[in-house]
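Written out below as structure tokens is the structure these notes cover.
The values are calculated or read from the model by the stated rules, or taken from the named source; none is laboratory data. None of these values were measured; they are calculated from a predicted model. Don't worry about glycine lacking a Cβ; one is built from the backbone with ideal geometry, like all the others, and counts go over all protein chains shown. Just so you know, the surface numbers come from the protein's heavy atoms only, side chains and all, with ligands and any DNA or RNA stripped out. Shrake-Rupley method; radii C 1.70, N 1.55, O 1.52, S 1.80 Å.
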Amino acid sequence: MKSGGTADLFCYPTDIQELRAVLAFARARSIPVTVLGGMSNTLISDEGIEGLTIGTVKLNEIKKRGNLLSVLAGAQLEETINVAIEEGLGGLEHFYGIPGTIGGALWGNAGAHDHQISETVLFADFLDLHGNLFRKQIIQSEFSYRMSPYKGRSDLILYEVHLALNPISDTHTLKTIALGYKQRRIEQQQFRHPSLGSIFKNPPGHKAGALLEGLGLKGTR
Ligand SMILES: Cc1cc2nc3c(=O)[nH]c(=O)nc-3n(C[C@H](O)[C@H](O)[C@H](O)COP(=O)(O)OP(=O)(O)OC[C@H]3O[C@@H](n4cnc5c(N)ncnc54)[C@H](O)[C@@H]3O)c2cc1C
């Protein structure tokens with residue numbers, strides 16, 4: 001966003017051992033821990049970030065096992081979709097072009113075109129601040145529009161997301177569909193200037209943008 005203060009300490013762990021080591025470092029000094037993915041939905045305070053900030057983007061391995069795609073939390077959502085399609089797995093294409101990581105996407109239950117990321121996730125692995133790894137089944141009723149059960153939980157780090165996808169044979173057509181979704185974003189949203197995406201939530205059955213335009217409020221300051 002090109003705004004906000006600095007973090008006291010910032011690190012990019014590359015595997016679970018490094019992640020556990022930085023958590024132990026913070027615990028030993030009783031300093032707070034903040035986790036950030038692609039930072040596409042985070043406005044940093046001018047006061048900066050106290051304690052240790054962990055950037056996840058170097059935790060980015062993607063593995064396929066049958067119809068399951070297991071993705072470390074820091075993998076970019078777009079790269080995840082590229083790999084899924086190349087591996088003959090569909091179900092993520094609506095999200096093509098949403099910036100940020102798969103971890104950030106599940107954290108905020110990112111969505112587009114009447115689909116939300118939680119629909120595609122079977123289970124997810126977390127670390128607590130002591131470095132203990134545990135697995136949680138995704139319960140769809142715990143997710144809603146841009147809401148997940150993890151929001152507000154500063155004691156959890158999402159480590160790996162396991163996506164249950166649909167086998168497809170025509171990867172070329174699926175890639176064309178995904179690129180179409182991205183092209184619409186490029187035409188309708190602005191990517192040239194720093195932005196956090198949408199400010200307004202869509203009320204049920206409506207699009208916030210269309211309501212604002214209908215009222216002649218587009219561009220009003
Ligand atoms: C131009 C633009 C268009 C956008 N379009 C859409 C859209 O169509 N639909 C939509 O839903 N969103 C959209 N967004 C918002 C944003 O891209 C998504 O919310 C995205 O999923 C955030 O991911 P991130 O990795 O950037 O998260 P960050 O901004 O890095 O983090 C967001 C929150 O998640 C937490 N978090 C991230 N990773 C982890 C982790 N591994 N463990 C624990 N906590 C974690 C952070 O602490 C923070 O609270 C858009 C944003 C922009 C700039």
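The table below lists the values:
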item: Residues that are assigned to a strand (DSSP E or B), touching a residue at least 40 places away in the same chain (Cβ under 8 Å) and surrounded by fewer than 18 Cβ atoms within 10 Å (Cβ to Cβ), drawn from segment 59-69; result: Leu68
item: Leading residue by the ranking (surrounded by the fewest Cβ atoms within 10 Å (Cβ to Cβ)) among those in segment 25-41 that are more than 6 Å from the ligand (Cβ to nearest atom) and of a type in the set (A, V, I, L, M, F, W, C); result: Ala28
item: Looking only at segment 169-215, and only at residues there that are open to solvent by less than 60 Å² (accessible area, probe 1.4 Å) and part of a loop (DSSP other than H, G, I, E, B), the one that is farthest from the ligand (Cβ to nearest atom); result: Pro203
item: Total residues in segment 1-58, condition touching a Phe, Trp or Tyr at 6+ places or on another chain (Cβ under 9 Å) and either of a type in the set (Val, Ile, Thr) or more than 25 Å from Val161 (Cα to Cα) (or both); result: 9
item: Matching residues in segment 112-141 - criterion: being modelled with pLDDT under 95 and either open to solvent by less than 20 Å² (accessible area, probe 1.4 Å) or within 15 Å of the chain's Cα centre (by Cα) (or both); result: Ala112
item: Condition check for Ser3: within 12 Å of the ligand (Cβ to nearest atom), hydroxyl-bearing (Ser, Thr, Tyr) and either in a helix (DSSP H, G or I) or open to solvent by 30 Å² or more (accessible area, probe 1.4 Å) (or both); result: no
item: Subset tally (residues that are part of a helix (DSSP H, G or I), more than 10 Å from the ligand (Cβ to nearest atom) and in contact (Cβ under 8 Å) with a residue 24 or more places away in the chain) for segment 83-118; result: 5
item: Where Leu43 falls short, out of the listed (1) hydrophobic (A, V, I, L, M, F, W, C); (2) at pLDDT below 95; (3) more than 21 Å from Lys151 (Cβ to Cβ); result: (3)
item: Cβ pairs under 7 Å, 6+ apart, first in segment 31-43 and farther than 13 Å from Ser3 by Cα, second among the acidic types (Asp, Glu) and more than 6 Å from the ligand (Cβ to nearest atom); result: Pro32/Glu50
